[in-house]
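Derivation of every value follows stated rules applied to the coordinates shown; laboratory data play no part. Not measured: the values here are computed from a predicted model. Counting neighbours? That spans all protein chains shown, and the Cβs are built from the backbone with ideal geometry, glycine included.
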Amino acid sequence: MTPARDEKIDIFRKMSLLKQNDERIRAVIKSGRLVLPYYSPRGQEVIPSAISVCLTPDDYICTIYRGTHDSLAKGVPVKQLWAEIAGRATGTCKGKGGPMHITHPASGVMVTTGIVGSSMPIANGLAWASQLSGDGRVTVAYFGDGASNIGAFHEALNLASLWRLPVIFVCSNNGYAEHTKTCVGTSVDRISDRAAAYAMPGIHVDGNDPIAMYGAARQAIDRARAGEGPTLIEAVTFRFFGHVFGDDDAYMDEGELEAHRAKDPYPVYRAALIASGDATEAELAAIEAAHAAEIEEAAEFALSSPYPDSREIYVDVYEEELSA
Amino acid sequence: MTPARDEKIDIFRKMSLLKQNDERIRAVIKSGRLVLPYYSPRGQEVIPSAISVCLTPDDYICTIYRGTHDSLAKGVPVKQLWAEIAGRATGTCKGKGGPMHITHPASGVMVTTGIVGSSMPIANGLAWASQLSGDGRVTVAYFGDGASNIGAFHEALNLASLWRLPVIFVCSNNGYAEHTKTCVGTSVDRISDRAAAYAMPGIHVDGNDPIAMYGAARQAIDRARAGEGPTLIEAVTFRFFGHVFGDDDAYMDEGELEAHRAKDPYPVYRAALIASGDATEAELAAIEAAHAAEIEEAAEFALSSPYPDSREIYVDVYEEELSA
Amino acid sequence: MSGKMSMIQAVNLALHDAMKADPKVLVLGEDVGDAEGGGILGITKGLSQTFGASRVKSTPIAEQAIMGAAIGAAIAGYRPVAEIMLMNFTTVAMDMIVNHAAKLRFMSGGQTSVPLVIRTMTGASMGNGGQHSDFLEAWFAHTAGLKVCIPSNPADAYGLMLSCIADPDPCIFVETMPILFSQLPDAPERGVAIPLGKARLARGGSDVTIITYGRQVFDAMQVANKLAAENIDCEVLDLRTISPLDMDSILGSVAKTGAAIVYHEAVKNFGTGAEISSRIHEQLFGKLRAPVVRIGAKFAPVPFAKSLEDTFLPSAADLEAAVRSLVGDRALAPAG
Amino acid sequence: MSGKMSMIQAVNLALHDAMKADPKVLVLGEDVGDAEGGGILGITKGLSQTFGASRVKSTPIAEQAIMGAAIGAAIAGYRPVAEIMLMNFTTVAMDMIVNHAAKLRFMSGGQTSVPLVIRTMTGASMGNGGQHSDFLEAWFAHTAGLKVCIPSNPADAYGLMLSCIADPDPCIFVETMPILFSQLPDAPERGVAIPLGKARLARGGSDVTIITYGRQVFDAMQVANKLAAENIDCEVLDLRTISPLDMDSILGSVAKTGAAIVYHEAVKNFGTGAEISSRIHEQLFGKLRAPVVRIGAKFAPVPFAKSLEDTFLPSAADLEAAVRSLVGDRALAPAG
Ligand SMILES: Cc1ncc(C[n+]2csc(CCOP(=O)(O)OP(=O)(O)O)c2C)c(N)n1
Ligand SMILES: Cc1ncc(C[n+]2csc(CCOP(=O)(O)OP(=O)(O)O)c2C)c(N)n1
Ligand SMILES: [Mg+2]
Ligand SMILES: [Mg+2]
């Protein structure tokens, strides 16, 4: 299945937002105006962009510390996202969660976890709820290549298959888990082949190709929505700025990073849209310009927002505030 | 690879010991002379018997609560085993471990665990030690079908494959995990197919057929000893006395238990050895009689042994006794 | 409340009543469905038949998957009761319980909540040995975001389970194995919830306060009744909830008696008795006749051999000796 | 001992010296090999290059597999040092740590032993939020069979690591993130082990005993030095080992000063301070001027926002206030 022209533009629209947002975050950190642990997903724009155009606002996602793209693509308001990573009271989570724990149920962003592997078992529960209520939602669990080696992956995929849950497991294989090459931690060549261990379809796709990624997402989402159960998608990609902001790249092969950056999917897709006649330079530039302004505004909003009141430490521990 | 005549008899010898030992344990529990949680492996004699004839006394095993057969087949002295399950000071573990935690390094029985899935990660460590020291040992990890669904299985098989560890993962698929049918908890038809998720050979074998089981064991053990890495063996079998002593069988299909008991591998193999001329009735009867006496003696030894001194509660917590 | 019932029946009844009252209540865990016997001890018996196999699901042996499914469903508005068969098996699901269930409300700034219940069993003296008998409530009580209760009788088990299910936050409900089977007073009154965080005055008394919970309440009552014949008057507080602690009841009682013993089955070192003892000393300094006595299991894994298991466990005899020693002090203490 | 060093360098040096001295010492964990940068903070840097990739193994993200490999190798006679990158990630390996590493010696009747070290890091104030900052030492201290240490300076880090590696039982070695990077006194003396279970008298004093460990030692010294100018004389005990506790040092000090504060970063409720406080009250009843004060983090998950993180954490200001209040009591207290 290939995207319609509108969907192609929507994918680009999301990619533009994600890419510029990431660039701005890194710039603000570099400038010293914000201090936060930041796991840049730059380079991985295609995956959540293509997936999100196939999702409704009601659909759920569970994602991980590297999930800023996933959250934004799903619809988290840029302002609130910025305020959260800045630790402000106006953030999605009142500043309590921070960049690794973006939550925004209004956009379907239900859990963002910092524990490798943990997005998957919880995604099952959300999907189980949809199955029970018949609300027609699907749930996407995002995770990395390294996460496919931890026990929670196995338990979650097995359960999802047994219960035919409307869940899609999206493994963004970016070649590394922290500083460890995929092949050092992962015994199988294709992570998507692991789907067979759960009698589940496994799709191997170029996660930097928006059209292919869209096809894979559609197929898995349609299947889930039709009640036919889960799918494992391995989307091959690369992260352009290491594991965490400030990392060196000594553990990478000489020239590896540069080679990947040279194939940056963003300009490639942008050029393709123009070449195919799906969009004009002016249209895309307008989208980009709007995002630049929106992100600028979000950053200023965040940086000028108040910090949470210290009393907040006692709030939301339980629904009711307990005396210490 | 098929067993030589001697090996065939050795397999029978072990099966005889295991079967009669189990029968005696159950009888003693029934009589009220001993109280213990007992997970009878009756019906599963072939698997550890065929495997153990392929192992040296130095080789390691890690097994589970249902591992009495595995321990005895590996060489744990019957007396000490009995004393342990009777909670006596003369037991393998001075009565501290009990039936779920038989340990006897002198026979290579390194860990017996009561936690589903946990035999596998620890077996890796033993195998890693052998790989490092070059001692030529292999390690067998025993576990059940239900255990193939827990995270530790996944993590352990992945690591073993990556590190090419001399370890054999033996899944005794007896159709049930407690009262849950394999298909309710396991999404894949053949557990051995999960080996592919780790780029590891997977062998599916009739665990009640001594010759086939021997062949599978040989192949996996030879491979491990040659430094070629791990193998997953799924050995199909059945447990004749439910999950734990005293269980009812309401969760089984009507007639299922009877059908399996009717195919009891013990008399089948016994008859086959005689029919093939590998042994005479008298030879086998003599083996059985010797075991009967040995087990009788072990039971008496255990029942007449002293209980551990209450001071033992402070001993073996650490090497050095710490003041509370 | 009157009549007897087993704790198994009481929990079963609570699950039944809660599922009937609220279609959002779900049950999941190993063997919980009726096709699998309705739980290894029958605690979930009849539920899948009555409420359907989609609300009562037998799971693989995969505690992370069980807890994950429960957490996700809870976030989406359901009220799952997840069984982790034995408390020692929470060790394979600690990430889900502690890093997720306990924290998601806070980390989301209150946008999501995780109203789930973890049912689990444990307890020594059944000969189950080192990996099947531990009381680990201190771990969970140390974790902000969780509530922990350990009932000692059918009425409390029933009423606390209703409260746990109704609670907007994750609750751990611990069933003590050795007291699950026999018919015990009192049978619950249908529909009567017991509030979390409120201790039960099991016995009023004036000389010494025994603070305890779960199976140890029986020891405490036995010792109290025995010593009553000698005019030693013990007050017995059954905490019911370990976190949050009912400090009002604890301090009120100890202020009155001037002496306290915390008596629990978990290992004494770094156990819940330490928190309770510290708080009493902090609040009632100078008003105690003697230091608070903590009685718990020996600092060792749970041994298999009966003789050692008995040594391991705190006993009524230990408790009795402690009471006697505290009452001996009474005579010597300054008035007031 | 003299000169400065970072804790990162000190631990690295200890691992190096231990691996050199004993070919049975192994290192495993995520990213620990030099191809992977020698650990995310470089604590294992150079080890795989020096001792070979078979003794220093980078692992998949699979903490159960990591701990299992360490346990098995330890049983077979090796001395593995396994890294669980952050203390919160011990939650995915609790079964291996608690049900196995801690118990196998006992459950085997002493036939097997598990001489391994778990290296892990943690600590708030780095802005890492709810799932990357917890101090969970109370859980491990509650587990018989484990030893737990938390060093506060390079010499101790070095010497305690040597002792952990040499110890015949499983040890958990906790590195406190905010103090890992800077050059601190004192640099270790090569080859000098620091015994487990022995506290360090960081500062002698006569008025109040501050019992602490890890990063909080710095707060304690700062407060003690500040108050010294006002003639308030604090004794500071750096526990170094949380389990087993050095009760001789603790009781000796508090018997002398008559007042104690336990100050740690972990959440106060059911934290290690409770055990220490209870023991002091039990042993020194009637000899204290005031109840033992416990200072720990608020009962909440670790928040992200800096303002909240500061509120969450126990602070030097809290400690100073507590000392002042205890010293105020001094004047009023009966002599002796
Ligand atoms: C259980 C657990 N172990 C270790 C970590 C530390 N850690 C954080 S991210 C990461 C690498 C994950 O790699 P991958 O799954 O490929 O995702 P990526 O970061 O490449 O997107 C590790 C090891 C963790 N967060 N949780
Ligand atoms: C982590 C964990 N969860 C649950 C249990 C309880 N339990 C003990 S045996 C068992 C069934 C195991 O089934 P299987 O692996 O097929 O082995 P079998 O008993 O059939 O030999 C279960 C669920 C446990 N011991 N450990
Ligand atoms: Mg990756
Ligand atoms: Mg089975």
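General observations
- Part-to-part distance (alpha-carbon centres) for region A:288-317 and region D:119-172, which is given in Å: 36 Å
- Within the shell defined by Cβ-Cβ distances under 13 Å, the residues around residue B:225 carry a net charge of -1, with Lys and Arg each +1 and Asp and Glu each -1.
- Charge dipole (region D:3-113, unit charges on Cβ, about Cα centre) - positive-most of D:78, D:40, D:51: D:78
- Nearest-first distances (nm) between copies at residue A:306, label 7 Å from Cα via Cβ: 7.4
- Shape of the protein assembly as shown from the C-alpha gyration tensor: rounded (a/c under 1.5, with a ≥ b ≥ c the square roots of its eigenvalues).
- Counted by Cβ distance under 9 Å from residue C:107, the other residues give a net charge of +2, where Lys and Arg count +1 and Asp and Glu count -1.
- Of B:292, B:251, B:235, farthest towards positive along the dipole that unit charges on Lys, Arg, Asp, Glu beta carbons give region B:234-304: B:235
- Close amide H pairs (under 5 Å, H built 1.01 Å from N) link residue C:86 with C:121, residues at least 5 positions away or on another chain.
- What sits nearest the axis between copies B and A, counting only chain B Cβ atoms, is the residue and whole-Å distance B:151, 1.
- Most fluctuating residue given options A:43, A:87, A:75, as computed from a GNM of chain A linking Cα atoms under 10 Å: A:75
- For the pair residue C:325 and residue C:282, a Förster radius of 22 Å applied to the C-beta separation gives a FRET efficiency near 0.45, rounded to the nearest 0.05.
- Note: relative contact order over chain C, using C-alpha pairs below 8 Å and six or more positions apart, is 16 percent.
- Inter-chain shielding of B:163-171 (mean C-beta neighbours from other protein chains, 10 Å cut-off): 1
- Note: relative contact order over region C:200-328, using C-alpha pairs below 8 Å and six or more positions apart, is 27 percent.
- Across the copies of the chain, residue C:190 has label points (7 Å from Cα along Cα→Cβ) spaced 8.0 nm apart, shortest distance listed first.
- Local electrostatic count, residue B:66, Cβ distance below 13 Å [Lys/Arg +1, Asp/Glu -1]: -4
- Other-copy label distances relative to residue D:2, 7 angstrom Cα-Cβ extension, nm: 8.6
- The alpha carbon centroids of region C:208-235 and region A:34-76 are separated by 59 Å.
- Rounded to the nearest 500, the helix-only mean residue ellipticity at 222 nm of chain A stands at -13500 deg cm²/dmol, with each DSSP H run of n ≥ 4 adding -39,500 (n - 2.57).
- Backbone HN-Hα couplings from phi across region D:11-21 [Karplus 6.51/-1.76/1.60, Hz, Gly and Pro as x]: 5, 4, 5, 5, 4, 4, 5, 5, 5, 6, 6
- Peptides B:201-207, D:215-221, D:316-322 ranked from most to least packed give D:215-221, B:201-207, D:316-322, packing being the mean of other C-beta atoms within 10 angstrom over each peptide's residues.
- Amide H partners (placed H, <5 Å) of residue C:294, local residues excluded: C:262
- Number of partner chain Cβ atoms within 10 Å, mean per residue of D:217-223: 0
- Relative contact order (percent, whole number), chain B, Cα cutoff 8 Å, 6+ residue spacing: 24 percent
- A DSSP coil position with no more than 16 other Cβ atoms inside 10 Å describes the following trypsin sites (Lys or Arg not before Pro) in region B:178-241: B:190.
- Averaged over the residues of peptide B:78-90, the number of Cβ atoms from other protein chains lying within 10 Å of each residue's Cβ is 2.
- Longest site-free stretch - chain B; sites: GluC sites (Glu not before Pro), DSSP loop, at most 10 other Cβ within 10 Å: B:1-253
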